[in-house]
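These notes concern the structure reproduced below.
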Amino acid sequence: MPTIESRTAGDRLTRIARGEVVSTTIHPELAHEEAVLDVQGFNLWYGETQAIFDVSMSIPQGKVTALIGPSGCGKSTLLRSVNRMNDLIETVSISGDMKLGPDSIYGKSVDVIELRRRMGMVFQKSNPFPMSIRENVVYALKINGERNRAVLDEVCEKALRGAALWDEVKDRLDESGLSMSGGQQQRLCIARAIAAEPEVLLMDEPCSALDPIATSRVEELILRLRGDYTVLMVTHNMQQASRVSDFTAFMYLGQVVEYGPTARLFTNPLLKETEDYITGRFG
Amino acid sequence: MVSRKNGQKSNGSYSPQAASLLARGEPMVWLTGFGLVMGLLMVIALVGYLFYEGSVTFWPSPVVQIVTLDGSVVMGEITRSEDFEPQPETVAALGEEEISAAQAELSRREGKLRRSLVRTGNFELTGEHFRWVEDFRFGSQGIQKPKWALIFERTAWGRFYGVPVGFLIDGEIQTTGPEESWKLFNEHSGQDIPPSRYAIRLHTASGETKDLDLAEIVRAYPANQLGLGRKIGIYLDRWREFLTAEPREANSEGGVFPAIFGTVVMTLGMTLLVVPFGVMSALYLREYARQGWLTSMVRISINNLAGVPSIVFGVFGLGFFSYIVGGSIDAIFFVDKLPNPTFGTGGIIWASLTLALLTLPVVIVATEEALAAVPTSMREGSFACGATKWQTIARVVLPRALPGVMTGAILAMARGAGEVAPLMLVGAVKLAPDLPLDQHFPFFHPERSFMHLGFHIYDLGFQSQNSEAAKPMVFTTTMVLMGIILLLNTAAIWLRSRMARRYSGSKF
Ligand SMILES: Nc1ncnc2c1ncn2[C@@H]1O[C@H](COP(=O)(O)OP(=O)(O)OP(=O)(O)O)[C@@H](O)[C@H]1O
Ligand SMILES: [Mg+2]
């Protein structure tokens, strides 16, 4: 039912849909934050099709930032661009750059392996490795050459505690990681991602395959991780975004429309379009 | 309720579902089930026949004595009996008494005669191992089973049948009666008998007397006096000998141990060679190579390789491995032995390599499938942890694909263990005195030729001089070959299930 309001509100989105690049509306609060990850004029193409349009945003240190937006708007693509997972897809080409701290991510002489070790990633679908729970958790350290059993054990326990999984699995660390329930597997993947103490934790809809109880555990976990880790997460769930994130970016068709503190964005956004999306009048 | 009542009234004759047979249940179940049942029946028939033929071979049969109409005496074991239609001329050429007996049988059995193949043994006296005896030749006494007819299995000349009439020590006659002679025989036989010291004097059916040296006797028993226990004992002892001893008498007697050993070593060697190569090839094809028309071509070629007749691989193995590679090794390391080849001829290593080549496509295809089945999300998870490509392959992809790789190895093993044709060219021989593995340095002798059960079967069935005696051994050997393949496969499957349990589990 198009009201006058929503028609005017849709203007910006209509322009995006027509293929125009609209500048991102960024809230002034973000200027006070110290950025750990800086996206600078980033574009990405799958073959001929452009999926990300000139995205510029900086992710604040020690905070949880959520990416929201309708399905297919490029949230996962943007997230996967941060640790260059899209390199694995042959057709992908990019322009622009991102910076992790002072270091370029897409610069010519970047060691991608080294770069990925500085970030952790949790996928939409849990993907534990075919090895024991312990081996799963310390995987990142082991491939990095850590051999000291005491260090590995300590890291394993710390990461599993961090992922709120320790009490459930402490007696069966040598069982296969694949022998756990879906929710446990996802928390195992989170433990794996935080074991190497990454600078940035990337999460792509970490709760979409979980039941409400497991979801709330993962949300608690994210809240606890805040401060120690910088989290960039994709979510479809508005409530979840408002519960766990400090900042939220609203994406539409490959562009970031509005980016600001979650509380502001959800209660009093600068743009009518964002309000419409959040209240479910569109999308 | 109503419809049920109706159904009862009309005696259940009307039911809407009965309109079409195809609409009821799953008619295809019957077709597919029929296919399975046919397959199973064929397998059961095959295994059952083999098992029957193979297991009766070693059962001790009685010794019969037949006095024929013309007065000659035949003594031995009846191997089999059959009906045949005689040529009229052969019947006409018989003696008078035989003609009338034959005519009587012919008219009674509608032109057919019955005959039995009797294993008469005593080759050095009669020049034959077997003799056909027609039923009509039986004299008035028919078939007798003389109490003291003994069967001797010997290291040479085949079996001997006779009645003991004396026992000799150093050429001196000790006793004359059958019972005492047999008693003395049993006292003096056993392990490590000095040659030409003891001998048993036997009276044969043809009326001759023969002294048998005890050192040449493998086994002797009074076939017509055996109780069930003794029979089972002899039966088991023959199996033991068959499985653990070396062959005698051009392979038609004795054991097949060297062939079992050769088969197992060759098959394991082949598996050890083919799995690493196959896995490496599959890894390159699936993980590293850019997928395009070239990789597709390579894949098609590999699949076609699986269809090449195995003898072609044999020819290649002989030409390339034995002559070129082996010849070069000889020219470099074994110059002093030339012109006698060391590696430059058939050998177990070349046989293993040839069969490895033959089974390579199986392993590559199975491994590729297993690799393709590893979820992308697992690889991505590993890459996201900062793993290199090789770390991801070695730690995540390969362990996950291992059960599939094992399946390939099992298929390769089953295929390789049953191949015979290429082996005949690259090292399988009728008789190999030395095993490829022994206690002499360097313990493993890859250049040695070897015996193989499959080739042994071929040799027994088609190359044996004493083919009637070798025929039953074909079945026992086949049984052993099947048993070994079964054993190897079971071991591999067990290994795979252990791995599968380790690397997988329920998902949710
Ligand atoms: N591997 C790929 N090859 C080609 N196009 C792709 C590929 N992955 C994603 N895309 C396209 O890029 C666009 C953005 O996809 P992306 O997965 O980032 O969306 P998303 O916002 O994560 O959606 P969702 O919320 O459904 O997960 C979509 O139009 C999609 O069709
Ligand atoms: Mg997504």
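Quick check on B:S107: is it surrounded by 12 or more Cβ atoms within 10 Å (Cβ to Cβ), among the hydroxyl-bearing types (S, T, Y) and outside the structural domain of B:K471 (by TED's automatic domain parsing)? Answer is no for this residue. Among the residues of region B:209-240, those identified as over 30 Å from B:I260 (Cα atoms), touching a Gly at 6+ places or on another chain (Cβ under 9 Å) and of a type outside the set (A, V, I, L, M, F, W, C) are B:T209, B:K210, B:D211. Among the candidates A:D167, A:D97, A:D171, the residue that is more than 16 Å from ligand 1 (Cβ to nearest atom), more than 22 Å from A:F247 (Cα to Cα) and not in a loop (DSSP other than H, G, I, E, B) is uniquely A:D167. Summed over region B:120-162, the residues that are crowded, with 18+ Cβ neighbours inside 10 Å and of a type in the set (V, I, T) give a count of 3.
From the list B:L69, B:L94, the lone residue that is in contact with an Asp or Glu (Cβ under 6 Å, 6 or more places away or on another chain) and assigned by TED's automatic domain parsing to the domain that holds B:R131 is B:L69. Checked against the criterion of being within 16 Å of ligand 2 (Cβ to nearest atom) and of a type outside the set (A, V, I, L, M, F, W, C), region A:8-20 has no qualifying residue.
Taking (1) under 20 Å from the mean Cα position of the chain (by Cα); (2) surrounded by 24 or more Cβ atoms within 10 Å (Cβ to Cβ) in turn, A:L165 satisfies each apart from (1). Determine, yes or no, whether B:L212 is assigned to a helix (DSSP H, G or I) and of a type outside the set (G, A, S). The answer is no for B:L212. Against the test of being more than 20 Å from A:Q185 (Cβ to Cβ), within 14 Å of chain B (Cβ to nearest Cβ) and of a type outside the set (D, E, K, R), the options A:N136, A:N127, A:N148, A:N144 yield a single qualifying residue, A:N144.
If you go through region A:50-93 and keep only what is surrounded by fewer than 18 Cβ atoms within 10 Å (Cβ to Cβ) and either within 8 Å of ligand 1 (Cβ to nearest atom) or under 18 Å from A:M119 (Cβ atoms) (or both), you end up with A:Q61, A:G62, A:P70, A:S71, A:G72, A:D87, A:L88, A:I89, A:T91.
Candidates A:D211, A:D171: the one that is surrounded by fewer than 17 Cβ atoms within 10 Å (Cβ to Cβ) and at pLDDT 90 or above is A:D171.
Number of residues in region A:117-132 that are more than 16 Å from ligand 1 (Cβ to nearest atom) and hydrophobic (A, V, I, L, M, F, W, C) equals 3. Go through the residues of region A:230-237 one by one and say whether even a single one is under 20 Å from A:G280 (Cβ atoms) and either away from ligand 1 (no atom under 16 Å from the Cβ) or modelled with pLDDT under 90 (or both). Yes, that holds for at least one residue. The single residue among B:G418, B:G505, B:G454, B:G461 that is touching a helix residue (DSSP H, G or I) at 6+ places or on another chain (Cβ under 6 Å), modelled with pLDDT of 80 or more and of a type in the set (G, A, S) turns out to be B:G461.
Condition check: in the same structural domain as B:G262 (by TED's automatic domain parsing), of a type in the set (S, T, Y), in contact with a Pro (Cβ under 9 Å, 6 or more places away or on another chain) and buried (at least 23 other Cβ atoms within 10 Å of the Cβ). Does B:T354 satisfy that? So B:T354 fits the description; yes. Here B:A250 meets each of (1) farther than 30 Å from B:I410 by Cβ; (2) within 23 Å of the chain's Cα centre (by Cα); (3) modelled with pLDDT of 85 or more with one exception, condition (3). Looking at region A:97-112, which of the residues that are crowded, with 17+ Cβ neighbours inside 10 Å and free of Cβ contacts under 8 Å to residues at least 60 places away in the same chain is nearest to the other protein chains (Cβ to nearest Cβ)? Here the answer is A:I105.
Total residues in region A:85-96 satisfying the condition of being more than 9 Å from every other protein chain (Cβ to nearest Cβ) and not β-branched (V, I, T): the figure is 4.
Yes/no per residue for (1) farther than 16 Å from B:V63 by Cβ; (2) part of a loop (DSSP other than H, G, I, E, B); (3) basic (K, R):
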{"site": "B:I173", "(1), (2), (3)": "yes, no, no"}
{"site": "B:W182", "(1), (2), (3)": "no, no, no"}
{"site": "B:N186", "(1), (2), (3)": "yes, no, no"}
{"site": "B:D192", "(1), (2), (3)": "yes, yes, no"}
{"site": "B:S196", "(1), (2), (3)": "yes, yes, no"}
{"site": "B:R201", "(1), (2), (3)": "yes, no, yes"}
{"site": "B:R219", "(1), (2), (3)": "no, no, yes"}
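The numbered conditions (1) within 16 Å of ligand 2 (Cβ to nearest atom); (2) in contact with a helix residue (DSSP H, G or I) (Cβ under 7 Å, 6 or more places away or on another chain); (3) under 28 Å from A:E20 (Cβ atoms) are all true for A:P261 except (1).
Filtering region A:206-243 to residues that are assigned to a loop (DSSP other than H, G, I, E, B), within 14 Å of chain B (Cβ to nearest Cβ) and touching a helix residue (DSSP H, G or I) at 6+ places or on another chain (Cβ under 8 Å) leaves A:P206, A:A209, A:L210, A:D211. Within region B:98-131, the residues that satisfy the criterion of being in a loop (DSSP other than H, G, I, E, B), under 34 Å from the mean Cα position of the chain (by Cα) and touching a residue at least 12 places away in the same chain (Cβ under 8 Å) are B:T120, B:G121, B:N122, B:H129. The residues in region A:180-205 that are without any contact (Cβ under 8 Å) to a residue 40 or more places away in the chain and either away from chain B (no Cβ under 11 Å) or surrounded by fewer than 18 Cβ atoms within 10 Å (Cβ to Cβ) (or both) can be counted, and the count is 3.
For region A:235-251, a residue qualifies if it is buried (at least 20 other Cβ atoms within 10 Å of the Cβ), farther than 18 Å from A:Q40 by Cα and within 15 Å of ligand 2 (Cβ to nearest atom), and the qualifying residues are A:T235, A:Q240, A:A241.
Return a yes/no flag: does region A:137-146 have any residue that is in contact with a Phe, Trp or Tyr (Cβ under 7 Å, 6 or more places away or on another chain) and either in a loop (DSSP other than H, G, I, E, B) or crowded, with 16+ Cβ neighbours inside 10 Å (or both). Yes: one or more hits.
Is it true that B:G454 is assigned to a helix (DSSP H, G or I) and touching a residue at least 40 places away in the same chain (Cβ under 8 Å)? Yes: the conditions hold for B:G454. In region B:287-386, counting only helices (runs of 4 or more DSSP H) that sit wholly within it, the ones holding 2 or more residues that are within 14 Å of chain A (Cβ to nearest Cβ) span B:348-372, B:376-384.
B:I232 passes every criterion in (1) loosely packed, with under 14 Cβ neighbours inside 10 Å; (2) in a loop (DSSP other than H, G, I, E, B); (3) out of contact with any helix residue (DSSP H, G or I) (no Cβ under 6 Å at 6 or more places or on another chain) apart from (2).
The values are calculated or read from the model by the stated rules, or taken from the named source; none is laboratory data. Keep in mind that this is a model prediction, so the values were computed, not measured. Here Cβ is always computed from backbone atoms with ideal geometry, including for glycine, and neighbour counts include all displayed protein chains.
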